[in-house]
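The values are calculated or read from the model by the stated rules, or taken from the named source; none is laboratory data. Just so it is clear, the structure is predicted and the values come from calculations on it, not from any experiment. Cβ placement follows ideal geometry from the backbone for every residue including glycine, while neighbour counts extend to all protein chains displayed.
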Amino acid sequence: MEEVRALAKAHRAGDAAAGVRLLARIEALPLPEARGVVKAFSSYFQLVNLAEEEERIRVVRRRAEEARAQGRPMDETVSAALLTLRGQGVTAEEIQALVDGLLVMPVFTAHPTEAKRRTVLTKLGRIAETLDVLDFRALTPEETEETLETLREEVVSLWETDQTRSYRPRVIDEVRNGLFYFETTLFDLAPRIERRLREGLRAVYPEHDFRVPHFLRFGSWIGGDRDGNPFVTPAVTEETLREHKAVALRLYQRALERMRAHLSMSDARGVSPELLASLAADAALFPDEERRARERYRRQAHRQKMAFIYRKLSATLEAAGRPWRADYRPRPGTYRDAEDFLTDLRLVESSLRAHGGPRLAEGRLGTLLAQAEIFGFHLATLDLRQHAERHTSALAEVLARYGLGEDYAQWTEERREEVLTSELLNPRPLTGRLDFSEATNETLEVFRLARRAHERLGARATDTYIVSMTRGPSDVLAVLLMAKDAGVADRLDVVPLFETVADLHAAPRTMERLFANSAYARHLAARGRGQPIMIGYSDSNKDAGYLTANWELHLAQRALAATCRTHGTTLTLFHGRGGSVGRGGGPTNRAILAQPSESVGGRLRLTEQGEAITNRYTSRDLAGRHLEQLLHAVLLASGKRPIKSPSRGGAWEAAMNALSPLAEKAYRDLVQDQPALMPYFRAATPVEEIGRLNLGSRPAFRGGVPSFANLRAIPWVFAWTQSRVAVPG
């Protein structure tokens, strides 16, 4: 390995002879030895990346200390944003209005640019924890040596472990990989981030008593995104939702275990009548637990209540493992939903506050309350996504079956809108039994599954349905009709996803027609006049090239913000960004600040994809820094006074408007209008090999004969990157 590394460094430094020797050395390696070299480099780079992350943590902590010593907040923190806003003359009342509608929502997706197994992630996490001990704790010489020995053991364990799976991951494997970050980082971190905003507001605006509702939410596409992935069936989505609930319940149990002896105050300090009444009701449900708690925790009513809460969580967790029935009948002794769990926690909290224990109420118990309010029993909201063509196909079959029209796919947009609006306003259901083709049944069943999820996990379990490749209003109305048929139209946001340049151009007009539609207006009112709209960075780049895509995305955000403002609708832009530059990647804080300020409005949803999830959320320190940078940027972009931007009119915008069509033509001449490009792409890049790796469950192509049109943007970018050809940017 060292020989290969030395030759590679020499070749990169300009030694052509070293490159020749390197190639000869690698070609001469027997296969078992070549595997060893590859494994060694893989492990080496993982450890080097860990070392770099540890240095980033050192730098962040050092900057925080320096800022404190200088009596100022660190750059790109919540306090820094609030100080800037106050300096710009933003009043406390304006900040309160901003905070009232604030939303920061990262959404995790399963993209095959992260190859690490959950086992490997766990081992790397333990190594990182050991490095933290060495870096930030005062150890004796003996403790230092013991910690180093632990580090050596973990490195050997990593070396002896296969880096990738021996089988193609199932969707549920990807789900569990995504939930890993909630278990290790986000569950404990989220209340801290929200606390930083409250503390910053008190420090910067001490004269005002702020209300700070929960603003940090998390979402996931893993197990809900069925666009081009035949393995995401309704059964898999149900299993995903059950897994979300199981992990949430285990995390609450873990929190209670950490507090086991914490609320041990004597009843002599006082207990609220409501808490005592709840203990009597719990005793009737669990007489064995009542006897045990009474004997172990004499005259400790608060501690007894926590024991009953743990027992109810255990019963709820046991029930959560069972497949869902059509009718929902909660078992006695289980929590029907997160609100029941919160009711029990609030009984303890109010009793403590009433009897001299406000610090206890606001401490670990207050953190647990915040976690339950943020994460519920759903942990992360599961978005549902499907391609518009699948909805068109399903509706064509349904409408033909019931004599409402033949060849729906061939109708004009105007006729589609007319019929769909009529059906939406008609109180009768559209379908009865699901006895259509398998594909149509599956498309319709997803909405019935959403209804069952709401009954079992609450409305936030899944409240967003994304329509890929939205071309016109009928693509949104079609989904709304299927949601109405299942009884969930008023509990789902239907989110158009505009991905190509043509669709971005049409987006404002599409939304205007939707807002003017009587059926959609009724739906919008039921959803509080909030409209999420998603814009795609990867597919727009693949469609038109880097410069044109980014300029058109910028213009579309301005136009969509103006359209929503005209129609009295609160816009939440959902940014479908990837990790690489060609998929909208880069420093997220700067990207948010570069957006048209009117398009932010205190609300941000963005995808976190592939290796970016690992880079940002494995370490609690780095995850905290990333989330605070997001919040810093959203506050600044939303609260700052309007300033003249160089992108608004003048020479700068004129130059971009002139460059964009030239760049698009050059890109299309090279890529889309060049018949030899796809054969070259498949020969010169490892796109075929990537498709055979055990990285993800989703195929590289959406279906049909492999072509540029149905090639996903992620393998398009990933494959070029492996060959170091910067076609995507």
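Of all the residues that make up segment 530-557, how many are in a helix (DSSP H, G or I), of a type outside the set (Phe, Trp, Tyr) and in contact with a helix residue (DSSP H, G or I) (Cβ under 7 Å, 6 or more places away or on another chain)?
Going through segment 530-557, the residues in a helix (DSSP H, G or I) turn out to be 537-544, 546-557.
If we keep only those that are of a type outside the set (Phe, Trp, Tyr) as well, we get 538-544, 547-550, 552-557.
Still in the list and also in contact with a helix residue (DSSP H, G or I) (Cβ under 7 Å, 6 or more places away or on another chain): 538-544, 547-549, 552-553, 556-557.
Residues meeting the conditions: 14.
Residue count for segment 262-278 satisfying the condition of being surrounded by fewer than 16 Cβ atoms within 10 Å (Cβ to Cβ) and in contact (Cβ under 8 Å) with a residue 40 or more places away in the chain: 4.
Determine whether Ala489 is within 22 Å of Glu413 (Cβ to Cβ), touching a residue at least 12 places away in the same chain (Cβ under 8 Å) and out of contact with any His (no Cβ under 7 Å at 6 or more places or on another chain).
Against the criterion (within 22 Å of Glu413 (Cβ to Cβ), touching a residue at least 12 places away in the same chain (Cβ under 8 Å) and out of contact with any His (no Cβ under 7 Å at 6 or more places or on another chain)), Ala489 does not qualify.
Before we move on, is Arg329 under 18 Å from Met265 (Cβ atoms), more than 29 Å from the chain's Cα centre (by Cα) and without any contact (Cβ under 8 Å) to a residue 24 or more places away in the chain? For Arg329, the condition - under 18 Å from Met265 (Cβ atoms), more than 29 Å from the chain's Cα centre (by Cα) and without any contact (Cβ under 8 Å) to a residue 24 or more places away in the chain - is not met.
Is at least one residue of segment 526-541 outside the structural domain of Ala713 (by TED's automatic domain parsing), free of Cβ contacts under 8 Å to residues at least 40 places away in the same chain and of a type in the set (A, V, I, L, M, F, W, C)?
Applying the first criterion (outside the structural domain of Ala713 (by TED's automatic domain parsing)) to segment 526-541 yields 526-541.
Of the ones still in play, those that are also free of Cβ contacts under 8 Å to residues at least 40 places away in the same chain are 526-527.
If we keep only those that are of a type in the set (A, V, I, L, M, F, W, C) as well, we get 526.
There is at least one residue in segment 526-541 that is outside the structural domain of Ala713 (by TED's automatic domain parsing), free of Cβ contacts under 8 Å to residues at least 40 places away in the same chain and of a type in the set (A, V, I, L, M, F, W, C).
Comparison of Phe515, Phe498 shows that the only residue that is aromatic (Phe, Trp, Tyr), within 23 Å of Leu604 (Cβ to Cβ) and under 26 Å from the mean Cα position of the chain (by Cα) is Phe498. Annotation note: Cβ proximity below 8 Å between a residue of segment 1-29 that is within 17 Å of Ala40 (Cβ to Cβ) and assigned by TED's automatic domain parsing to the domain that holds Tyr44 and a residue that is assigned to a helix (DSSP H, G or I) and of a type in the set (Asp, Glu) (sequence gap 6+ or interchain) occurs for Arg25/Glu3.
For segment 345-363, the set of residues classified as under 29 Å from the mean Cα position of the chain (by Cα) and in a helix (DSSP H, G or I) consists of Leu345, Arg346, Glu362, listed by residue number.
Taken over segment 405-417, the criterion of being at pLDDT 95 or above and surrounded by 13 or more Cβ atoms within 10 Å (Cβ to Cβ) is satisfied by Tyr408, Trp411, Glu413, Arg415, Arg416, Glu417.
Based on what the data block shows, is Arg292 farther than 30 Å from Asn441 by Cα and either surrounded by 12 or more Cβ atoms within 10 Å (Cβ to Cβ) or in the same structural domain as Leu186 (by TED's automatic domain parsing) (or both)? Give the derivation first.
Details: farther than 30 Å from Asn441 by Cα: yes; either surrounded by 12 or more Cβ atoms within 10 Å (Cβ to Cβ) or in the same structural domain as Leu186 (by TED's automatic domain parsing) (or both): yes.
Spelling it out, Arg292 is indeed farther than 30 Å from Asn441 by Cα and either surrounded by 12 or more Cβ atoms within 10 Å (Cβ to Cβ) or in the same structural domain as Leu186 (by TED's automatic domain parsing) (or both).
Which of (1) farther than 23 Å from Arg198 by Cβ; (2) surrounded by fewer than 17 Cβ atoms within 10 Å (Cβ to Cβ) does Glu362 not meet, given it meets every other one? In the conditions (1) farther than 23 Å from Arg198 by Cβ; (2) surrounded by fewer than 17 Cβ atoms within 10 Å (Cβ to Cβ), Glu362 misses (1) alone. Applying the criterion of at least 3 residues that are over 34 Å from the mean Cα position of the chain (by Cα) and farther than 30 Å from Ala128 by Cβ to the helices (runs of 4 or more DSSP H) found wholly in segment 1-102 leaves 2-12, 16-27, 31-69. Filtered by the rule that a residue be closer than 24 Å to Gln253 by Cβ and surrounded by fewer than 21 Cβ atoms within 10 Å (Cβ to Cβ), segment 195-216 gives Arg195, His214.
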